[in-house]
């Protein structure tokens, strides 16, 4: 073929290669992005797969949701006419009833008298605890004319459910933005969706309640995890550990367990169930009402057990 006839073909090939390289060189890179935020008095780790602008938008969304959560549910907040507060109260009331009172928002007064709110830790006298129990019991709070009516002396503590709610809100918002792979960890309560950076299920380490390192590894996707443990906030007097997870029936820290980890589709429910199961002696009755959820339980002797739905778990110790 004469050179003059080859020229148009060579030009077309060159143009195709140039456009191919230009397209992929200029197309925004889709990759994993990482960032740590400070909310809920803890470090929140965010890992998102997407373009740079998608990640920037996702982080803004998460910041806005977490900020609103703090404004609505932090100690002392009284946004009792907010629809979000009333919705979360209704879910909390359901779990309160399902758990026969083991999960109770009104333990706030116990948090105060034991010094966990002020960090001036103390063991109250039994008479003081008995008086405080007069203000414990979620049935004392009612919803009337579009707002919660909270009697004087009753203190709401959203700490056992609000972080889970924030994670669920963030997850739903990111889905609407088209984010399909990611991980948000808010101080041990987390939600993971899609595949991890190795294109596998997410590997989630469950902290050992008494030793450094992990108790085991969960392998999950599109699920939430929440843990309640006696090692998270506690003080010791004469060798006795007093932690922040109270039995609403006695006014004392719940006994019999070192940690409870709950796995399931909604972080809000995982969060509340972890608290309730830490208080309850028998996990099976409550989890029978939530068949999509399972628990990993470490008792006060360090023995490991499982309840409810099972998920892939690799013990390490």
Residue pairs within 9 Å by beta carbon, gap of at least six or interchain, first lying in the stretch 211-234 and without any contact (Cβ under 8 Å) to a residue 24 or more places away in the chain, second assigned to a strand (DSSP E or B), listed first then second, are 234/241; 234/242; 234/243; 234/253
Next item on the list: Determine if the stretch 27-38 includes at least one residue that is out of contact with any strand residue (DSSP E or B) (no Cβ under 8 Å at 6 or more places or on another chain), in a helix (DSSP H, G or I) and either at pLDDT below 95 or surrounded by fewer than 16 Cβ atoms within 10 Å (Cβ to Cβ) (or both).
Entry: no
Across the stretch 129-140, the tally of residues that are surrounded by 12 or more Cβ atoms within 10 Å (Cβ to Cβ) and in a loop (DSSP other than H, G, I, E, B) stands at 3
Over the stretch 291-302, the set of residues surrounded by 13 or more Cβ atoms within 10 Å (Cβ to Cβ) and either more than 21 Å from the chain's Cα centre (by Cα) or in contact (Cβ under 8 Å) with a residue 60 or more places away in the chain (or both) is 296, 298, 299, 302
When the stretch 101-111 is checked residue by residue, the ones that are in contact with a helix residue (DSSP H, G or I) (Cβ under 8 Å, 6 or more places away or on another chain) and either free of Cβ contacts under 8 Å to residues at least 60 places away in the same chain or more than 24 Å from residue 66 (Cβ to Cβ) (or both) are 101, 102, 104, 105, 106, 109, 110
Checking 116, 89, 55, 103 in turn, the sole residue that is touching a strand residue (DSSP E or B) at 6+ places or on another chain (Cβ under 8 Å) and closer than 30 Å to residue 283 by Cβ turns out to be 89
Among the residues of the stretch 129-140, the number that are in contact (Cβ under 8 Å) with a residue 24 or more places away in the chain and more than 21 Å from residue 95 (Cα to Cα) is 3
Taking the stretch 189-206 and the residues there that are crowded, with 18+ Cβ neighbours inside 10 Å and within 15 Å of the chain's Cα centre (by Cα), the one that is farthest from residue 258 (Cα to Cα) would be 193
Residue count, the stretch 278-294, condition assigned to a helix (DSSP H, G or I) and within 30 Å of residue 122 (Cα to Cα), comes to 2
Among 63, 126, the single one that is more than 28 Å from residue 191 (Cβ to Cβ), without any contact (Cβ under 8 Å) to a residue 40 or more places away in the chain, surrounded by fewer than 17 Cβ atoms within 10 Å (Cβ to Cβ) and out of contact with any helix residue (DSSP H, G or I) (no Cβ under 9 Å at 6 or more places or on another chain) is 126
For the stretch 303-317, pairs from a residue that is on the phi > 0 side of the Ramachandran plot to a residue that is surrounded by 14 or more Cβ atoms within 10 Å (Cβ to Cβ), with Cβ under 6 Å and 6 or more apart or across chains, are 308/287; 308/293; 308/294; 308/295
Only one of 275, 261, 250 is buried (at least 24 other Cβ atoms within 10 Å of the Cβ) and not in a helix (DSSP H, G or I), namely 261
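Condition (residue is assigned to a helix (DSSP H, G or I), surrounded by 22 or more Cβ atoms within 10 Å (Cβ to Cβ) and at pLDDT 95 or above) applied to the stretch 111-121: is it met by at least one residue? Show your work before the answer.
As a first pass, look at the stretch 111-121 and keep what is assigned to a helix (DSSP H, G or I): 111-113.
From what's left, surrounded by 22 or more Cβ atoms within 10 Å (Cβ to Cβ): none.
Looking through the stretch 111-121, none of the residues is assigned to a helix (DSSP H, G or I), surrounded by 22 or more Cβ atoms within 10 Å (Cβ to Cβ) and at pLDDT 95 or above.
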All conditions in (1) under 18 Å from residue 47 (Cα atoms); (2) outside any loop (DSSP other than H, G, I, E, B); (3) without any contact (Cβ under 8 Å) to a residue 60 or more places away in the chain are true of residue 143 except (1)
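The values are calculated or read from the model by the stated rules, or taken from the named source; none is laboratory data. Note that the coordinates shown come from a computational prediction; the quantities given were computed from them, not determined experimentally. Heads up, the Cβs are rebuilt from the backbone with ideal geometry, glycines too, and the neighbour counts pull from every protein chain shown.
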